[in-house]
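What follows is a set of notes on a single structure, which appears directly below.
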Amino acid sequence: MHKIEQLLNDRILFLDGAMGTMIQQHKLTEEQYRGERFAEYIHPLKGNNDLLSITQPDIIKQIHLDFLEAGADIIETNTFNSTSVSMADYYMEDLVEELNISAAKLAREAADQYSQKTPQKQRFVAGSIGPTNKTTSLSPDVNNPGFRAIDFDTLVVAYKQQARALAKGGVDIFLIETVFDTLNCKAAIFAILELKDELKLDIPIMISGTITDASGRTLSGQTVEAFWYSISHANPLSVGLNCALGADQMRPFIKELSDKAWCRVSAHPNAGLPNEFGEYDETPESMSAVVGEFASSGFLNIVGGCCGTTPAHLKAIIERVETEKPRVIPILV
């Protein structure tokens with residue numbers, strides 16, 4: 001049994017918060033994104049947050065340390081967009097391996113630093129694998145519904161490249177997150193399972209989907225139950241939901257996952273919904289109250305935060321949830 005599975009039997013584990021939110025607080029300039037290495041790069045780089053693992057590693061590591069100081073058990077690598085598919089926006093496909101290895105090593109160093117400080121509490125690194133900026137199930141052209149911007153096999157190659165580099169960098173978990181298209185997720189699962197078999201890796205998979213609105217469906221149209229049944233063959237460590245919704249809007253869908261899934265359940269919601277300025281208004285106190293009710297209702301095994309959540313949010317969530325018992329996996333007949 002993997003070490004993290006043993007811990008999940010005993011208590012709820014805490015995932016970190018929003019890397020993007022924390023980066024935005026630094027108000028970095030184009031020059032800071034570029035660093036010395038990419039000072040003469042011909043394409044704009046501001047907004048390429050994953051590149052900061054190379055050009056501003058101290059900032060990224062400090063964000064990890066801040067979440068660990070707040071009490072995180074699991075920190076996510078700064079690799080949400082570190083696939084060749086997403087890096088094509090910046091003409092940086094050739095940097096994919098370096099981006100993932102560099103980010104994984106930064107997170108590994110931070111996690112190990114805290115594990116050594118308190119040996120009784122081991123910290124883990126989750127390799128963040130985002131959905132990419134393409135969808136295999138939907139057409140981006142309303143006039144051509146049969147068109148696809150990418151195909152399954154191309155995504156498999158991209159995800160396998162990312163997962164291989166994350167493993168090389170030392171991650172403990174693969175986290176396929178913010179899934180809006182289940183076929184994209186299936187490509188990631190296929191790639192990771194193939195890689196695990198080839199390299200004999202003992203790295204569990206977490207999967208987290210995103211519900212786009214109050215309809216309770218993913219962007220590609222699946223209900224929460226359908227999403228779970230579509231990816232359950234991966235035998236994941238956990239299945240959950242993140243992003244898109246604030247904690248209060250997420251409740252019915254987390255409950256449904258908790259009722260249906262025969263693995264652990266995770267939630268890392270946004271700090272509410274974005275306001276007219278694109279900012280998140282939910283306070284640590286209000287968010288922790290809602291998420292705390294998830295835990296006391298028996299829905300959760302892993303909890304953290306997505307967009308808008310800071311170390312203060314995570315600290316409040318931990319203080320509210322740490323005494324709650326973890327969800328018991330239901331015996332389904």
- Can you find even one residue in the stretch 207-220 that is modelled with pLDDT under 95, hydrophobic (A, V, I, L, M, F, W, C) and in contact with a helix residue (DSSP H, G or I) (Cβ under 8 Å, 6 or more places away or on another chain)? yes
- Would you call residue 207 crowded, with 17+ Cβ neighbours inside 10 Å, of a type in the set (Val, Ile, Thr), under 17 Å from the mean Cα position of the chain (by Cα) and part of a strand (DSSP E or B)? yes
- Query: Could you count how many residues in the stretch 67-77 are surrounded by 23 or more Cβ atoms within 10 Å (Cβ to Cβ) and either charged (D, E, K, R) or more than 16 Å from residue 123 (Cβ to Cβ) (or both)?
  - Reply: 2
- Would you point out which residue out of 112, 73, 50 is among the charged types (D, E, K, R) and over 30 Å from residue 323 (Cα atoms)? 50
- Are any of the residues in the stretch 167-181 buried (at least 18 other Cβ atoms within 10 Å of the Cβ) and over 23 Å from residue 240 (Cβ atoms)? yes
- Item | helices (runs of 4 or more DSSP H) wholly inside the stretch 7-111 that include at least 2 residues being more than 17 Å from the chain's Cα centre (by Cα) | 30-34, 52-55, 57-70, 84-87
- Note on the structure: Of the listed residues (187, 261, 247), the one being among the hydrophobic types (A, V, I, L, M, F, W, C), modelled with pLDDT of 95 or more and within 17 Å of the chain's Cα centre (by Cα) is 187
- Please enumerate the residues belonging to the stretch 1-24 that are crowded, with 22+ Cβ neighbours inside 10 Å and among the charged types (D, E, K, R). 16
- Task: Give the residues of the stretch 83-107 that are under 12 Å from residue 168 (Cα atoms) and surrounded by fewer than 20 Cβ atoms within 10 Å (Cβ to Cβ), sorted by residue number.
- Result: 97, 98, 105
- Test: residue in the stretch 168-187 that is within 27 Å of residue 139 (Cα to Cα), among the acidic types (Asp, Glu) and not in a helix (DSSP H, G or I): yes
- Message: Yes or no: the stretch 138-153 includes at least one residue that is in contact with a helix residue (DSSP H, G or I) (Cβ under 7 Å, 6 or more places away or on another chain) and closer than 25 Å to residue 183 by Cα.
- Response: yes
- Of all helices (runs of 4 or more DSSP H) completely enclosed by the stretch 213-322, which ones contain at least 3 residues that are of a type in the set (S, T, N, Q) and either surrounded by fewer than 23 Cβ atoms within 10 Å (Cβ to Cβ) or in contact (Cβ under 8 Å) with a residue 12 or more places away in the chain (or both)? 284-296
- Query: Of 123, 148, which residue is without any contact (Cβ under 8 Å) to a residue 24 or more places away in the chain and of a type in the set (D, E, K, R)?
  - Reply: 148
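The values are calculated or read from the model by the stated rules, or taken from the named source; none is laboratory data. Predicted model only: the values in this text are computed from it and were never measured. Backbone-built Cβ (ideal geometry, glycine too); neighbour counts: all protein chains shown.
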